[in-house]
Amino acid sequence: MQSNSCNSSLSADAILRHLGPLAGEFGLQVRAECASTNSELMDAPPADDGRVHVVVAERQTAGRGRRGRQWQSWSGGSLTFSSLWRFAPGAPVPAGLSLVAGLAVVRALEKLGVQGLQLKWPNDVLVNGSKLAGILVELQPGRGRTPAAVVGIGINLRLPDDAYIPDQPAVTDLARQLDLVPAPEALLASVLTELHILFDTYAAAGFAALRGAWQQRNAFADLPVRISGEGTDVVGICTGVDEDGALLVRTEQGLERILSGEVSLRAAQ
Ligand code: ATP
């Protein structure tokens, strides 16, 4: 692994160590501060040298969520990083990518002993209903080119007591879930390892191969949900996700498939 580090307390060497045999698969840039790790990779993607390029920042000044929303993070209190994945032509990008990324985060956290982890379609990681991590997948434009996606992940390590997070019913952090919060370098390496494994499976076999694992952790399985954001709200019972990652909602009109990620899912009364 080649790494670039600039005045950050995050240690590139430690990330390397934790990646072990996979270290050579990644190109790492460690930043003390940047506007948004996703923007770094979207605006100036490193040349394709066969590796997965990663930008991790101790502090983001303009962290982004979907649809222009903000991702909040605190120096030392959050892990924020993005990675650029290039897939072979014909790979099932983009459908399902956010879901697979969520599953990778969950698997890494489960191995650290976090309990009660759940996935909220399409892109949130919850612990018993409270948001612990967010994921922002952005596709790199370019017809005919190798499909490529930037996967941004923010995980709350220790939220400050006065943290104010708008539009979110409940949030949590790892300090509330574990006696010992892992070092960010170890957590980053662990999530990158799971992404590497699961994106390989996804590229080879599609979302269908991971659908069961996703559904086992579906926060809204068989519960009433409201999907809003585009046109008319869809209200019904969440019955799971389809073979391609579309959300399945049983409504009075029948079974609806929700494909777009540009919508929000909430519990319905
Ligand atoms: P939602 O989670 O409301 O369905 P979304 O999936 O579109 O929305 P994301 O793009 O994942 O949201 O993230 C942006 C939203 O996440 C913000 O609008 C805010 O409500 C919430 N948020 C921002 N920072 C944090 C944080 N550190 N921890 C938990 N939630 C956060």
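Some points to look at:
- Among beta bridges that DSSP assigns inside the chain, antiparallel share in %, nearest 5: 75 percent
- Under the simplified labelling scheme, the Ala35-Glu230 pair shows an inter-label distance of 2.6 nm, with each label point 7 Å from Cα along Cα→Cβ.
- For the range 173-190, the Karplus equation 6.51 cos²θ - 1.76 cosθ + 1.60, evaluated at θ = phi - 60°, returns couplings of 9, 5, 4, 7, 9, 10, 5, 10, 6, x, 4, x, 5, 5, 5, 4, 4, 5 Hz by residue, with Gly and Pro reported as x.
- Its Cα centre serving as origin, the range 3-215 has a Cβ charge dipole (Lys and Arg +1, Asp and Glu -1) of approximately 540 debye.
- Rounded, prolate or oblate (a/c below 1.5 giving rounded, otherwise prolate when a/b exceeds b/c) for the range 34-172 by Cα gyration tensor: prolate
- Global form of the range 215-269, assessed from the alpha-carbon gyration tensor, a/c cut-off 1.5: rounded
- Fraction of accessible area attributable to carbon and sulfur, the range 3-215 (%, probe 1.4 Å): 48 percent
- Tail fraction, Cα-Cα pairs, the chain, threshold 32 Å, whole percent: 19 percent
- Label sites at Ile165 and Gln269, each approximated as a point 7 angstrom past Cα along Cα to Cβ, lie 2.4 nm apart.
- Using R0 = 25 Å, the C-beta based FRET efficiency linking Thr61 and Leu112 works out to 0.35.
- Global form of the range 1-95, assessed from the alpha-carbon gyration tensor, a/c cut-off 1.5: oblate
- Segment Asn128-Asp200, length gained on full extension (0.36 nm per residue, minus Cα span): 23.0 nm
- Accessible area expressed per residue, the chain, with surrounding protein chains retained (probe 1.4 Å, Å²): 45 Å²
- You can think of it this way: the chain between Arg69 and Leu22 has 13.6 nm of extra reach, that is 0.36 nm per residue less the Cα-Cα gap.
- Degrees separating the helix 97-111 axis from the principal Cα axis of the chain, which is the longest one: 70 degrees
The values are calculated or read from the model by the stated rules, or taken from the named source; none is laboratory data. The structure presented is a predicted model; accordingly, all values stated were derived computationally and were not measured. Neighbour counts are summed over all protein chains in view; Cβ atoms, including those assigned to glycine, are modelled from backbone coordinates with ideal geometry. All accessible areas refer to the heavy atoms of the entire protein, side chains included, with ligands and DNA or RNA removed. Shrake-Rupley method; radii C 1.70, N 1.55, O 1.52, S 1.80 Å.
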